[in-house]
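See structure below.
The values are calculated or read from the model by the stated rules, or taken from the named source; none is laboratory data. What you are looking at is a predicted structure, and each value in this text was computed from that prediction instead of being measured. Every residue, glycine as well, gets a Cβ built from its backbone with ideal geometry; the counts of neighbours run over all protein chains shown. Ligands, DNA and RNA are stripped out before the accessible areas are found, and what is left, the full protein with its side chains, is counted by its heavy atoms. Shrake-Rupley method; radii C 1.70, N 1.55, O 1.52, S 1.80 Å.
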Amino acid sequence: MSNLSIFDIAGPIMVGPSSSHTAGACKIGQFARALFHDTPKKVTFYLHGSFGEVYKGHATDLALLAGVMKLKTSDPNIKNAFEIADQRHIQYKFIPKDLGEKYHPNTVEVILEDGKNKMSVIGSSIGGGMIEIVKIDEFDVYLQGSAGKHLSLVVCHQKNPKIMAELIKKINKLGIRIAETVESSFKDERLTVLSLEGRRITLPEVIDLEMNTEGVDFIRSLSKLQTQ
Amino acid sequence: MNQFEFHTTEEMLALCHKHKLSIGEVAKRYESERSGKSVSAVRNKMKQTRDVMYEAVRKGIHSTQKSKMGMVGGDAHKMHLALKKMPEMMGNKVTVRAMSYAMAVGEQNASMGRIVAFPTAGGAGVIPGVLFSSAEHFKAGKRKLLNGMFCSSAVGLIIAEGATLSAAKGGCQAEVGAGVAMAAAGLTEMRGGTPDQCFHASAMALKSYLGLACDPLGGLVEVPCIKRNSLGCMVAIGASDMAIAGVKSFIPFDEVVLAMRNIAKIMSPKIRETALGGLAVTKTGNMIKQKLGMKITPMDL
Ligand code: SF4
């Protein structure tokens, strides 16, 4: 069972018109951007279900793109997301697509590219501005975009169990506890989501862990994401 | 498990009885425990939320601007003017004002103004409509109004956990229906009703909305959404009056929530926010679709 915040219900504070199609979409964009880490040069959005049917009227397209550019759900500039993306030379495309039965009707697959790297993030907007990230590249995951709870670290690494053990030791040394680890594997790679407790991990700490732990491909911290 | 954790009405009522607290007070402590912030910090956050809602109401009741497609705009203002002509109205001041406030929020939302999605953007008018208008009537202190908002949030959380707040999953019962049930409880708490009375009010309110289609014209959160919010205030106030008068819901709220989930499961996707059924495919609905460059959907009769 989930652990929702009162402010998931009494919120988010947002620019209209739709909590699921505008605010939730913006949050999925923010998550995708945080997972990709850099500003992408090109973003493609595959819109599934109701997202694909009515995205124009609800400004879902503007909101998704705004989220990828780190705008908040309450930012009046969401309206101008296309112009802002053009100024920043970010290419964008929206394509309605059936992603399959198993996905929530408000789901989008975001493909982010910057010439060197490419990442796919699938997220669903489950109502009232709440979201879930359910797939990152080939890995099935479950990340909740709930108010005030983004202490997670997403780690992509080789399958060898020693790698995670070492990383966890290092994180503990920083005085941060690990509340939960969830793993997902594909071929010989593994994606682990660590839910942290205590304080937020800082960006230099994340970079240090990423650079100096062998077998780790990348680490992304979601702690900077919008908390309401 | 945290001391104030709850997922269902049953758990919430047990906490209220054990600690001799109202639903709103339990909700506040739940959030404080969950977030690690003090109760007063949590209360302050709710104050900010309230301020954004007030701002949307204030702007909305004075605006006469039409939305892009010209479907909505200016009705909140009309209802606000009606407050000066009360002898012509059948409802009382509380209800007319509530309807005008609810419309104000809906109209602001439709024009990409700032609102609070409480519980969702589409259903965001009912709670400020009912709670603000009633608070003005009793001259309720800030604390009471905030407690009403916390109580409404707790009811929303129970709906989110037991069923859904997504119209794409459950239709309009999950948006306006949920908003009405939440407002009914919040108002009942503000009037000094017991926690049990609050849930009777929500149960009676939600029962009236089970199965409501989500069928917005052109997929825009405008028609029928805004007027549904407005009229939803009447149901919320009525349900609260019934509960205060001692009327009980025959079916407990938790069971009503499960009924909502069951209906969501068997509801056609055509009336779940896809604009493929109901009002969205009427002659008028299709005209709007055409204007938006969407495919026309023949009405299946
Ligand atoms: S009709 Fe649909 S979009 Fe409109 S308020 Fe109801 S659920 Fe929301």
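Per residue of peptide B:48-54, the mean number of Cβ atoms on other chains within 10 Å of the residue Cβ is 3.
Computed from Cα atoms, the angle from the helix B:23-35 axis to the main principal axis of chain B rounds to 90 degrees.
Taking the C-alpha atoms only, the angle from helix B:195-207 to the longest principal axis of chain B is near 20 degrees. Projecting the Cα atoms of B:Thr8, B:Val116, B:Ala135 onto the dipole axis of segment B:8-167, where Lys and Arg carry +1 and Asp and Glu carry -1 at the beta carbon, places B:Ala135 farthest toward the positive end. Extending 7 Å from the Cα toward the beta-carbon at both A:Phe82 and B:Gln48 defines two label points whose distance is 3.2 nm. Taking Cβ atoms as reference points and 13 Å as the exclusive limit, the residues near B:Ser32 contribute a net charge of +2, counting Lys and Arg as +1 and Asp and Glu as -1.
Projected onto their three principal axes, the Cα atoms of segment B:156-266 cover extents of 42, 26, 20 Å, largest first.
Scanning chain A for long hydrophobic helices, with DSSP H runs required to stretch 27 angstrom or more by C-alpha along their axis and to average at least -1.0 on the Kyte-Doolittle scale, returns nothing.
When chain A is treated as a Gaussian network with alpha carbon springs shorter than 10 Å, the biggest mean-square fluctuation among A:Ala63, A:Ala32, A:Ala179 belongs to A:Ala179. Rolling a 1.4 Å probe over the protein chains gives B:Asp51 an accessible area of about 80 Å². The residue list A:Val182, A:Gln158, A:Phe82 was ranked by how far each Cα lies along the charge dipole of chain A toward its positive end, using unit charges on Cβ atoms, and A:Phe82 comes out on top. Ordered by solvent-accessible area of protein heavy atoms (1.4 Å probe), largest first, the residues B:Arg29, B:Arg114 come out as B:Arg114, B:Arg29. Between A:Thr181 and B:Met89, the distance separating the two model label sites (each 7 Å from Cα on the Cα→Cβ line) works out to 6.2 nm. With the convex hull of the Cα atoms taken as the outline of the protein assembly as shown, the averaged projected area works out to 24.7 nm². In this structure, B:Arg143 and A:Asp188 have a Cβ-Cβ separation that, at R0 = 51 Å, corresponds to a calculated FRET efficiency of about 0.30.
Normalising the average separation of contacting C-alpha pairs (under 8 angstrom, six or more residues apart) by the number of residues puts the relative contact order of segment B:22-291 at 20 percent. Its Cα gyration tensor gives segment A:151-226 an equivalent ellipsoid; the semi-axes, largest first and in whole Å, are 19, 13, 12. Computed on segment B:171-301, with alpha-carbon pairs under 8 angstrom and 6+ residues apart, the relative contact order is 32 percent. In terms of accessible area, using a 1.4 Å probe and ignoring ligands and nucleic acids, A:Thr181, A:Thr192 rank largest first as A:Thr181, A:Thr192. Viscosity 1.002 mPa s, temperature 20 °C: what is the translational diffusion coefficient of segment B:214-301 from Stokes-Einstein with a Kirkwood Rh over Cα pairs, rounded to a whole number of µm²/s? After rounding, the answer is 141 µm²/s. Shown here is the pair-distance distribution of segment A:92-228: with all Cα-Cα distances grouped in 5 Å bins from zero up to the longest one, the shares run 2, 9, 18, 21, 21, 15, 9, 5, 1, 0 percent. At an R0 of 22 angstrom, the distance between the Cβ atoms of B:Asp241 and B:Leu81 translates into a FRET efficiency of 0.25.
Counts of other chain beta carbons within 10 angstrom of each beta carbon in peptide A:46-52 average 3. Helical runs assigned H by DSSP (4 residues or longer) give chain B a calculated mean residue ellipticity at 222 nm of -19500 deg cm²/dmol, each run adding -39500 (n - 2.57) before division by the residue total. Between B:Ser38 and B:Lys248, the distance separating the two model label sites (each 7 Å from Cα on the Cα→Cβ line) works out to 4.1 nm. Result for chain B in a Gaussian network model with C-alpha springs under 10 Å: among B:Gly122, B:Gly177, B:Gly246, the largest mean-square fluctuation is at B:Gly246. Net charge dipole, chain B: roughly 880 debye, given to the nearest 20, about the Cα centre with Cβ charges of +1 for Lys and Arg and -1 for Asp and Glu. Gain on full extension, evaluated as 0.36 nm per residue between A:Phe218 and A:Lys170 minus their Cα-Cα distance, stands at 15.7 nm. Using the alpha-carbon centroid of each, what span in Å lies between segment B:106-178 and segment A:120-144? So the two Cα centres are separated by 25 Å.
Only lysines eight or more places from B:Lys144 in sequence, or on another chain, were considered; those with a Cα closer than 18 Å are B:Lys20, B:Lys28, B:Lys45, B:Lys47. Computing Rg and the Kirkwood Rh from the Cα coordinates of chain B gives a ratio, Rg/Rh, of 0.98. The dipole here belongs to the protein assembly as shown: it is taken about the Cα centre, uses +1 on the Cβ of Lys and Arg and -1 on the Cβ of Asp and Glu, and is about 1460 debye.
Here is how the number arises for chain A: DSSP H runs of 4 or more residues each give -39500 (n - 2.57), the sum is divided by the residue count, and the result at 222 nm is -7500 deg cm²/dmol. Report, to one decimal in Å, the Kirkwood hydrodynamic radius for segment A:6-144 based on all distinct Cα pairs. After inverting the mean inverse Cα-Cα distance, the result is 14.4 Å.
Element breakdown for the protein assembly as shown at a 1.4 angstrom probe: carbon and sulfur atoms account for 53% of the accessible area. The listed residues B:Val247, A:Val134, once ranked by accessible area (1.4 Å probe) with the largest placed first, stand as B:Val247, A:Val134. Of the residues B:Gly24, B:Gly238, B:Gly186, the one that moves most in a GNM of chain B with alpha-carbon contacts below 10 Å is B:Gly238. Segment B:245-278 and segment A:56-73 have Cα centres lying 30 Å from one another. For the chain pair B and A, the interface hides roughly 3300 square angstrom of accessible area in total, found with a 1.4 Å probe. Projecting the Cα positions of B:Gly60, B:Pro224, B:Val281 onto the charge dipole of chain B (unit charges on Cβ atoms of Lys, Arg, Asp and Glu, taken about the Cα centre) puts B:Gly60 furthest along the positive direction. Measuring between alpha carbons in the structure, the pairs from A:Lys135/A:Lys173; A:Lys42/A:Lys159; A:Lys70/A:Lys118; A:Lys42/A:Lys118 lying more than 21 angstrom apart are A:Lys135/A:Lys173; A:Lys42/A:Lys159.
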